[in-house]
Every structure is written in C-alpha cells, then in structure tokens.
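Since the structure comes first, as structure tokens, the remarks are kept for the end.
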Amino acid sequence: MPGREVRLVESVQVYTHAGGMLLVQGTEALRIRSADSPVADAVRRLRTGADRDALAGGASAPAVRRLVEHLDTLGWLTAEPPYAEQGVPWDRQVGWLTSVTPDGQRAQDRLRTCSVAVLGVGGIGALAAQHFAGAGVPELWLIDHDEVAVHNLNRQYLFTTADVGEAKVTAAARALRAVNADMRLHTVRRKVVSPEDLDVLPGSLDLLVVAADQPRTVWDTAWAWAERTATPLIGGAVGLGSGYWGPLLDPAAGHCWRCFERRRVSGFSAEERSLENDGTPTAHSFGPTNSLVAALVARDALLFLGTGDCAVRGRRLVLDVLGAGGPVATTGDATCAGKESTLHGTGQDT
C-alpha cells in the first residue's frame, strides 16, 4: 500500500509498559523493546493513521520500514478510514472482522448486499437465521413446511409458547424483524422434495443454507438446484454426540456434492454403509449442542459471504458436541471429478 495512509486495524490492541510495547491480536503478538523508540512512535501514529512513506523518513527509516512491512505481512494494516457507523446491530462486528481480514468494512459492506435462503427453520436454521439478522444480511428467505411445536422450544430460540401452532416461517420472520427491522424477509411454507420446489428462490441468491433433515435426499435436491443456478451452498446437522457443518460448496469453484459424497463414503465398511443407509434422524435433541453447530454454520456462512473463504470451503468438519473435542475433517476434497455416486442420508437432527 505504498503512498497511501494506513492504520492499524481495530482488532490489534497496543499495550505500553516499562519493558516496551506489545501489539496483540488474538494469539499473535509483536513486541517492541522500547516504548520511546522511533519504531514505537510509528506504532502510535499508525493507531490513528499515517502515510507509510512519511513514516520511514530520517535515520530510523530501515527499522520503521521493516515494522510496516511486518505489520502488512500479519494483515494488521488497512487503508480503510476509521469505522464511524453507530447505532446498528453489527456495530461491534466490523472490528472483529479485522481479525480475519484487514479490510473489515469491505467485508461488512459485502454482507449488507447479500441475500440468503435458509431451508429448514429448526434447531440449526432458526439459530443461523438469528445470526444473519444480527450480522446485517439485508434479505433472507425462510423455507419450512412445519408449525411450531412445544417440543421445539428447547432449542429453536426464535419461537415462544405464543407461537405454538403457527407456521414456523411466519413466527420466525416476526422474531427476526424484532432484531433487524429493515430486513427484507420472504417466507415460503412448503416441503422441499424436488429441485423445482426451490425455484421460488431468486437466481441471484448468494447462499443457500441446508438446515433440514427430511427427506433423506434433501442435500441431493438442494445441490441439484444450487448447481443449476450456480448458487453456493452450506449446511449442518447435529446428533446425540456429534455434529457437522459443511461442506460449503461453490459451483463457481468447481465443487461437486456427488464427488464429495463419493469420497466421504469411500472408506466405509459394509456395516457402516448399511448403518448410514438405514439410519433415521434422531428424535432426541439438546439445545446447547444445536447452538454449537448452528453457530459454526452461521460463522462460516458469514465469513464466506464477507471474505470469500471459510473453514469448510470444500470440506466438512465434525465436532464432538458433548466433550467439545476439536473438529476433524471427514474430507478435504469437493472438487468435481465428473462422476456420479450413490448418496446417503445424514442420520442427524436439524
């Protein structure tokens, strides 16, 4: 960024103490030995913004230049002006976004032009929709055929007892407007059993979130529509002891659901294949474990929409939701191989 004013991104914290200066972002840290050095002075100027060429003048130019180059490498410098928008739900989010991209405002601007569809407004979909509303996504499509039931209330936090018996999409839209009154919400009450059932969605959709577990072929159906319309797709589900999120499949990147599934099951034993083919989604559900997986689906959906990348781009991650064990990738390759495969149900609950 030569010749432009740059500044430290909001998520970098600067601490000055007797031993010098410490710059911290998450688990990354940079120590400057003296708080009175020209290098430390350059950091203070970068906190509010400074011309990078003017910073490197005088006898200390080499050291300051190395500092600026290193900050650039870390992704801790941006040419964006300081964030000034206030009084919006995503006010605190822009600074957080600078922990994954130096241009947090650009990422937020992308989120504020997106349209997202959530297929299945249940334990995963309802919570993901809340995250989209709070994050500033301006347009959301909600697709579900079901009504709110009392047993939903332990995990589907958009709903209350007053909503029991009402269409989920209607009750969800009302709750989401309470979070973001300017959000454009479209409700579709139908069970999706064929790709044509999704033709109600716009071809310009930025992301389809698969949060339904019925019918068993719902991912096949969603992918058939997504592939035809070149729409990125992500989803997730949770069972008794584990949950998964992903893959995020982007037709423009050459991803393929059929190829992903073929590779995923390639190492299964005959017994494992039989268990998956004959399995049904669990009838039991726990609110906190649904929340874990829903949050991860929403996190990666929003990161993809804002930055173009996320942890499950082209792969699926599995989480031990009871022991909070670290995620393990079940496959890392969704690249299209141009071949068909036999598809399988999830055996999970959404």
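Here are the criteria: (1) open to solvent by 30 Å² or more (accessible area, probe 1.4 Å); (2) not in a strand (DSSP E or B). Tell me which single one VAL293 does not satisfy.
Among (1) open to solvent by 30 Å² or more (accessible area, probe 1.4 Å); (2) not in a strand (DSSP E or B), the lone unmet condition for VAL293 is (1).
I want to confirm something. Restricting to region 198-245 and keeping residues that are part of a loop (DSSP other than H, G, I, E, B) and crowded, with 24+ Cβ neighbours inside 10 Å, which single residue is farthest from the chain's Cα centre (by Cα)?
The initial filter retains those residues of region 198-245 that are part of a loop (DSSP other than H, G, I, E, B), namely 199-206, 211-217, 230-232, 239-241.
Among the residues that remain, those that are also crowded, with 24+ Cβ neighbours inside 10 Å are: 211-213, 231.
Values: ALA211: 14, ALA212: 18, ASP213: 20, THR231: 16 Å.
That would be ASP213.
Which residue pairs have Cβ atoms closer than 9 Å, lie 6 or more positions apart in sequence or on different chains, and pair a first residue in region 256-279 that is within 18 Å of ALA226 (Cβ to Cβ) and in a helix (DSSP H, G or I) with a second residue that is of a type in the set (Val, Ile, Thr) and at pLDDT 80 or above?
CYS259/THR335; PHE260/THR335
Counting only residues that are hydroxyl-bearing (Ser, Thr, Tyr), give me the helices (runs of 4 or more DSSP H) lying completely in region 25-131 with at least 1 of them.
Values: elements: 38-48, 52-55, 61-74, 93-97, 104-111.
Answer list for region 25-131: 38-48, 61-74.
Among LEU67, LEU71, which is the only one that is modelled with pLDDT of 95 or more, under 20 Å from SER11 (Cα atoms) and surrounded by 15 or more Cβ atoms within 10 Å (Cβ to Cβ)? Spell out the reasoning first.
Values: LEU67 fails: modelled with pLDDT of 95 or more.
Exactly one residue qualifies, and that residue is LEU71.
When residues of region 252-270 are filtered for being open to solvent by less than 50 Å² (accessible area, probe 1.4 Å), among the aromatic types (Phe, Trp, Tyr) and farther than 12 Å from ASP333 by Cβ, how many remain?
Result for region 252-270: 1.
Answer yes or no as to whether ARG92 is out of contact with any Asp or Glu (no Cβ under 8 Å at 6 or more places or on another chain), open to solvent by 30 Å² or more (accessible area, probe 1.4 Å), of a type in the set (D, E, K, R) and free of Cβ contacts under 8 Å to residues at least 12 places away in the same chain. Can you show your working first?
Values: out of contact with any Asp or Glu (no Cβ under 8 Å at 6 or more places or on another chain): yes; open to solvent by 30 Å² or more (accessible area, probe 1.4 Å): yes; of a type in the set (D, E, K, R): yes; free of Cβ contacts under 8 Å to residues at least 12 places away in the same chain: yes.
For ARG92, the condition - out of contact with any Asp or Glu (no Cβ under 8 Å at 6 or more places or on another chain), open to solvent by 30 Å² or more (accessible area, probe 1.4 Å), of a type in the set (D, E, K, R) and free of Cβ contacts under 8 Å to residues at least 12 places away in the same chain - is met.
Can we say LYS191 is open to solvent by 80 Å² or more (accessible area, probe 1.4 Å) and either under 29 Å from ASP220 (Cα atoms) or within 23 Å of the chain's Cα centre (by Cα) (or both)? Let's see the steps before the verdict.
Working: open to solvent by 80 Å² or more (accessible area, probe 1.4 Å): yes; either under 29 Å from ASP220 (Cα atoms) or within 23 Å of the chain's Cα centre (by Cα) (or both): yes.
Considered against the rule, which asks whether it is open to solvent by 80 Å² or more (accessible area, probe 1.4 Å) and either under 29 Å from ASP220 (Cα atoms) or within 23 Å of the chain's Cα centre (by Cα) (or both), LYS191 comes out as yes.
How many residues does region 306-336 hold that are at pLDDT 85 or above and within 13 Å of ASP250 (Cα to Cα)?
So in region 306-336, the residues at pLDDT 85 or above come out as 306-322, 334.
Next cut, within 13 Å of ASP250 (Cα to Cα) only: 308-310, 312-315, 334.
Here the count works out to 8.
Scan region 232-255 residue by residue and report those that are closer than 19 Å to VAL121 by Cβ and of a type outside the set (A, V, I, L, M, F, W, C).
Within region 232-255, the subset closer than 19 Å to VAL121 by Cβ is 233-238, 243, 245.
Answer for region 232-255, where residues must be closer than 19 Å to VAL121 by Cβ and of a type outside the set (A, V, I, L, M, F, W, C): GLY235, GLY236, GLY243.
Among all residue pairs at least 6 apart or on different chains, which show Cβ distances below 9 Å where the first residue, located in region 17-29, is farther than 15 Å from ASP41 by Cα and in contact (Cβ under 8 Å) with a residue 24 or more places away in the chain and the second is open to solvent by 20 Å² or more (accessible area, probe 1.4 Å) and assigned to a strand (DSSP E or B)?
Here the result reads GLN25/GLN13, each pair linking region 17-29 to a residue that is open to solvent by 20 Å² or more (accessible area, probe 1.4 Å) and assigned to a strand (DSSP E or B).
Quick check, is ALA40 at pLDDT below 90 and farther than 15 Å from VAL6 by Cβ? Spell out how you get there, then give the answer.
Values: at pLDDT below 90: no; farther than 15 Å from VAL6 by Cβ: yes.
No.
Could you run through region 151-197 and say how many residues are assigned to a helix (DSSP H, G or I) and β-branched (Val, Ile, Thr)?
Residues of region 151-197 assigned to a helix (DSSP H, G or I): 151-154, 161-163, 168-179, 195-197.
Okay, now just the ones that are also β-branched (Val, Ile, Thr), so 161, 169-170, 179.
Selection size over region 151-197: 4.
Which of the residues spanning region 149-180 are closer than 15 Å to ALA129 by Cβ and open to solvent by 20 Å² or more (accessible area, probe 1.4 Å)? Quick ask: steps written out before the conclusion?
Within region 149-180, the first condition is being closer than 15 Å to ALA129 by Cβ, and the residues that meet it are 152, 155-159, 163, 167-180.
ARG155, TYR157, THR170, ARG174, ALA175, ARG177, ALA178, VAL179, listed by residue number.
Given (1) among the hydrophobic types (A, V, I, L, M, F, W, C); (2) open to solvent by less than 40 Å² (accessible area, probe 1.4 Å); (3) over 30 Å from ALA149 (Cβ atoms), where does VAL100 come up short, assuming only one miss?
(2)
Can you tell me which of (1) in contact with a Pro (Cβ under 9 Å, 6 or more places away or on another chain); (2) without any contact (Cβ under 8 Å) to a residue 12 or more places away in the chain is the one THR73 doesn't meet?
The failed condition is (1).
Report, by residue number, each residue of region 5-32 that is of a type outside the set (A, V, I, L, M, F, W, C) and either under 13 Å from LEU71 (Cα atoms) or surrounded by 11 or more Cβ atoms within 10 Å (Cβ to Cβ) (or both). First the steps, then the outcome.
We begin by selecting, within region 5-32, every residue of a type outside the set (A, V, I, L, M, F, W, C); these are 5, 7, 10-11, 13, 15-17, 19-20, 25-28, 31.
Of everything in region 5-32, those that are of a type outside the set (A, V, I, L, M, F, W, C) and either under 13 Å from LEU71 (Cα atoms) or surrounded by 11 or more Cβ atoms within 10 Å (Cβ to Cβ) (or both) turn out to be GLU5, ARG7, GLU10, SER11, GLN13, TYR15, THR16, GLY19, GLY20, GLN25, GLU28, ARG31.
The values are calculated or read from the model by the stated rules, or taken from the named source; none is laboratory data. Note that the structure is predicted; figures quoted are calculated from it, not measured. Methodologically, a virtual Cβ is constructed for each residue, glycine included, from the backbone with ideal geometry; neighbour enumeration extends over all protein chains shown. The area values use the complete protein model at the heavy-atom level, side chains included, leaving out ligands, DNA and RNA. Shrake-Rupley method; radii C 1.70, N 1.55, O 1.52, S 1.80 Å.
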